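Contents: one structure, followed by commentary.
Derivation of every value follows stated rules applied to the coordinates shown; laboratory data play no part. No experiment lies behind these values; they were computed from the predicted model shown. FYI the Cβ positions are ideal-geometry reconstructions off the backbone, even for glycines, and counts take in every protein chain you see.
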Amino acid sequence: GPAYRTAPARGRDVEAEIVMDFLDAVKGVELPLTLRAPGVCDTCHGTGAKPGTQPRTCPHCHGSGVVNRNQGAFGFAEPCRDCQGVGTIVDEKCPECGGTGGITKTRTLNVRIPPGVADGQRIRLAGRGEPGERGGPAGDLFVKAILRPDPIFGRSGDDLTVTVPVTYPEAVLGAEVRVPTLDGMVKVRVPAGTPSGRVLRVRGRGVPKRDGHSGDLLVTVEIVMPAELSPEAREALDRYESLTPPARRDHLEDLR
C-alpha cells in the first residue's frame, strides 16, 4: 500500500473530569480514573462482519458509497441508501459489536493529582492519552479537577480561609483561640479590641506551592451574639453599659 499508511500515528489526546475532596486537592492525591474511549472491535477487527465472513461490495453503488441521480438538467451524488454510504454490506453481523465495527473500551488508570490544584484547573498528564498506532507515541490526558466544597475551609489563591467564632468578651479583652489547619489545631492570639470581620494571618499554613513554600491561613474573626442571657449576665451587661460612653453617631448626621 501507499507509504503514508504505515507512518506511526500519535494517539489522540483525551479529556476527562475527576471529582475530589477540597482537602485532597490541597494536599495532593492519587485517584483511580476510568476512561471510556471508542475503539476497534477486537472480534471482527473493525469490519463489522461475523468472524469467518467478509463484508461484500454493495451491488447498488459498486462499492463507492455514493449514487449519482439526475433530476432534470441537474446531476448530483447522494449517499447510497443500501449500504448507508459505506460501500459494503455486512450479511452476518459480528455478535460483539452488532455490525458497527466499533466498541467502547474502558481502562482504569491511577492519576496523581499534584498538591494545590484549584477547582476547574486542567492537569496535563503526558503520554496517558490514547495509545499511538503502529508504534506511534501516545496522546496526552487532560484531567479537569472538580472540587467538592469543604465545610470548614475556603480558598483564596494560595491562601486557605477559615471563620472562627469568638465571644464579645474574648474580642474586647483579647484571647487565645484554637483554629483548625490542614494538619491539626493551632493557637491564634486574638488581640484585645478586635472587631468582628478582622482577618488574622497565620503564615505558612495555607495551600502548598510548587516551590515548596505554602500560602497562609486567613482567619476571619466573627463575634457571636448570645441568643439569651442569664439574669446575672444581663445585670453585668447593664452595669457595663452604664460605665461606657455611648457610641458616637453625631458624625453620621454631619455627613448627611
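Annotations for the structure displayed:
- Net charge dipole size for the stretch 154-244 [Lys, Arg +1 and Asp, Glu -1 on Cβ; Debye, nearest 20]: 520 debye
- Which of Met225, Met185, Met20 has the fewest Cβ neighbours within 10 Å, and the rest in rising order: Met225, Met185, Met20
- Residue-span extension gain [Arg210 to Ser64] - 0.36 nm each, minus C-alpha spacing: 46.9 nm
- Pairs beyond 25 Å (Cα-Cα), from Lys105/Lys144; Lys144/Lys187; Lys27/Lys105: Lys144/Lys187; Lys27/Lys105
- Taking the DSSP beta bridges with both ends in the chain, the antiparallel portion is around 75 percent.
- Relative contact order [Cα under 8 Å, 6+ residues apart], the stretch 154-244, whole percent: 32 percent
- Helix 231-243 and the longest principal axis of the Cα set of the chain meet at an angle near 70°.
- The stretch 51-209 - percent relative contact order, Cα under 8 Å, separation 6 or more: 13 percent
- Measuring between their Cα centroids, the stretch 10-35 and the stretch 213-255 lie 47 Å from each other.
- Neighbour-count order for Asp13, Asp42, Asp216, Asp254, fewest beta carbons within 10 angstrom listed first: Asp254, Asp42, Asp13, Asp216
- Among [x] 75, 52, 34; [y] 67, 48, 33; [z] 105, 49, 34, the entry that matches Cα extents along the principal axes in Å as calculated here: [z]
- Listed residues Ile123, Ile113, Ile103, most fluctuating in the chain (Gaussian network, C-alpha, under 10 Å): Ile103
- Positive-end residue, the chain charge dipole about Cα centroid, Cβ charges, pick of Pro38, Ala16, Ala247: Pro38
- The stretch 123-201-the stretch 47-89 distance, computed between alpha-carbon centres (Å): 60 Å
- Within the listed set Ala16, Ala73, Ala49, the Gaussian network model of the chain (springs between alpha-carbon atoms below 10 Å) gives the highest mean-square fluctuation for Ala73.
- Charged-residue dipole, Cβ positions (Lys, Arg, Asp, Glu), the chain about Cα centre, Debye nearest 20: 1120 debye
- Summing +1 for each Lys or Arg and -1 for each Asp or Glu among the other residues whose beta-carbon sits under 14 angstrom from that of Met225 gives -2.
- Rounded to the nearest 500, the helix-only mean residue ellipticity at 222 nm of the chain stands at -3000 deg cm²/dmol, with each DSSP H run of n ≥ 4 adding -39,500 (n - 2.57).
- Share antiparallel - DSSP beta bridges, the stretch 154-244, percent rounded to 5: 70 percent
- Of Glu130, Glu170, Glu78, the one that fluctuates the most in a GNM where the chain has Cα springs shorter than 10 Å: Glu78
- Placing unit charges on the Cβ atoms of the charged side chains and taking the dipole of the chain about its Cα centre, the candidate lying farthest along the positive direction among Val199, Ile152, Val111 is Val111.
- Remark: Ser230, Ser214, Ser156, Ser64 ranked as Ser230, Ser156, Ser64, Ser214, counting other beta-carbon atoms within 10 Å and listing the fewest first.
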